[in-house]
Structure formats: structure tokens, C-alpha cells
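Data first, discussion second: the structure below is written as C-alpha cells.
The values are calculated or read from the model by the stated rules, or taken from the named source; none is laboratory data. Predicted model, so just to flag it, every value in this text is computed and none were measured. We place every Cβ from the backbone using ideal geometry, glycine too, and count neighbours over all the protein chains shown.
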Amino acid sequence: MEKSFAKVLRLSLNLAITLLLLTFILYLLKILKPYIPFNKLRESWHLSYGEFSRLFNYPKGFNWLKYLKYGDIINFLGIYLLALTPPLSYFFLLFKALKEGEKLFSLLVLLQLLIFILIVIV
């Protein structure tokens, strides 16, 4: 069961890192136009997140999904996939444990998944 968990973890981690690398290359090579122009970045380094997001009308919450055509926003896909790597692995582990009849272990994995969900909601 642990080997299956590790395989899912490794696969999703490799996919996330590959996606991060590819989207960063798209951004650096200016293949996709950035939401925030490069020349505006340097003058905004000192701003807090609140000031930065107001100045550039930066998307909040999951609104960034509407802006995937921009090179500096598409890299969020890799970041979110990277953040989802542990819960995806636990989800797979839950089904594997249920299939093998591991009730207590399944309960522990389910509780861990609920904690992941609560972290996202709160």
C-alpha cells in the first residue's frame, strides 16, 4: 500500500514540477502576454499584497482561472497541482485501504483528507 502511495505522490509531484517549469518558460520567453507588464513589476516590489492587488486589479480567490491566457497567471496551475499532491495521494490511499479492508487505517486517512479540506475552506 505504501508503494502505491509513493507512486501516486511521485507521479503527481513530477507532473506539477514539469508544469511549473513549462509555464515558467512560457512566461520568460513571453510566449504568453503577462497580466502585469514586466516594466511594472520592478516599481511594485515594495507594495504589500493588498496594495499590489488593488493597483493591478489582481484576481482574487479562484478568479485566476479566468486569466489562464496570461503568462504570469498560468503558472498557478503548477502551484495548485503541487499543493494538491498530498491530498491526491491520500485520496488514492483511502481507496486502496478500503479495498484491502483496512478499516482503522481508512478512517485515519479519511480524517487526514478532511483536515486538508478544512484547511482549504477556512
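Suppose we filter Glu2, Glu43 for residues that are in contact with a helix residue (DSSP H, G or I) (Cβ under 9 Å, 6 or more places away or on another chain) and not hydrophobic (A, V, I, L, M, F, W, C); which single one remains?
Among Glu2, Glu43, only Glu2 is in contact with a helix residue (DSSP H, G or I) (Cβ under 9 Å, 6 or more places away or on another chain) and not hydrophobic (A, V, I, L, M, F, W, C).
Just the residues that are more than 21 Å from Ile17 (Cα to Cα) and crowded, with 16+ Cβ neighbours inside 10 Å, please, taken from region 59-77.
Pro59
Among the residues that make up region 1-10, is at least one of them over 30 Å from Val109 (Cβ atoms) and assigned by TED's automatic domain parsing to the domain that holds Pro87? Can you show your working first?
Filtering region 1-10 down to residues over 30 Å from Val109 (Cβ atoms) leaves none.
No: zero hits.
Give the number of residues within region 29-62 that are touching a residue at least 40 places away in the same chain (Cβ under 8 Å) and at negative phi. Quick ask: steps written out before the conclusion?
Taking region 29-62 and keeping what is touching a residue at least 40 places away in the same chain (Cβ under 8 Å), we get 30-32.
Okay, now just the ones that are also at negative phi, so 31-32.
Residues meeting the conditions: 2.
What about Leu84, is it surrounded by fewer than 16 Cβ atoms within 10 Å (Cβ to Cβ), under 30 Å from Ile25 (Cα atoms), hydrophobic (A, V, I, L, M, F, W, C) and in the same structural domain as Ala16 (by TED's automatic domain parsing)? Show your work before the answer.
Details: surrounded by fewer than 16 Cβ atoms within 10 Å (Cβ to Cβ): yes; under 30 Å from Ile25 (Cα atoms): yes; hydrophobic (A, V, I, L, M, F, W, C): yes; in the same structural domain as Ala16 (by TED's automatic domain parsing): yes.
In short, yes.
Can you go through Ser53, Ser12 and tell me which one is under 28 Å from Leu93 (Cβ atoms) and among the hydroxyl-bearing types (Ser, Thr, Tyr)?
Values: Ser53 fails: under 28 Å from Leu93 (Cβ atoms).
One residue alone meets the criteria, Ser12.
So Asn14 fits all but one of (1) exposed (fewer than 12 other Cβ atoms within 10 Å of the Cβ); (2) not assigned by TED's automatic domain parsing to the domain that holds Ile121; what number is the exception?
Condition not satisfied by Asn14: (2).
Search region 21-58 for residues being touching a Leu at 6+ places or on another chain (Cβ under 8 Å) and closer than 20 Å to Leu82 by Cα, and hand back the single one that is surrounded by the fewest Cβ atoms within 10 Å (Cβ to Cβ).
Of all residues in region 21-58, those touching a Leu at 6+ places or on another chain (Cβ under 8 Å) come to 23, 26, 32, 44, 47, 55.
Add one more test, that the residue is closer than 20 Å to Leu82 by Cα, and what stays is 23, 26.
Numbers: Thr23: 22, Leu26: 16.
Going through the qualifying residues, I end up with Leu26.
All but one of (1) under 30 Å from Lys3 (Cα atoms); (2) under 20 Å from the mean Cα position of the chain (by Cα) hold for Phe105; which doesn't?
(2)
Counting only residues that are free of Cβ contacts under 8 Å to residues at least 24 places away in the same chain and surrounded by 12 or more Cβ atoms within 10 Å (Cβ to Cβ), which one in region 91-104 is nearest to Ser12 (Cα to Cα)?
Filtering region 91-104 for residues that are free of Cβ contacts under 8 Å to residues at least 24 places away in the same chain and surrounded by 12 or more Cβ atoms within 10 Å (Cβ to Cβ), the one nearest to Ser12 (Cα to Cα) comes out as Phe91.
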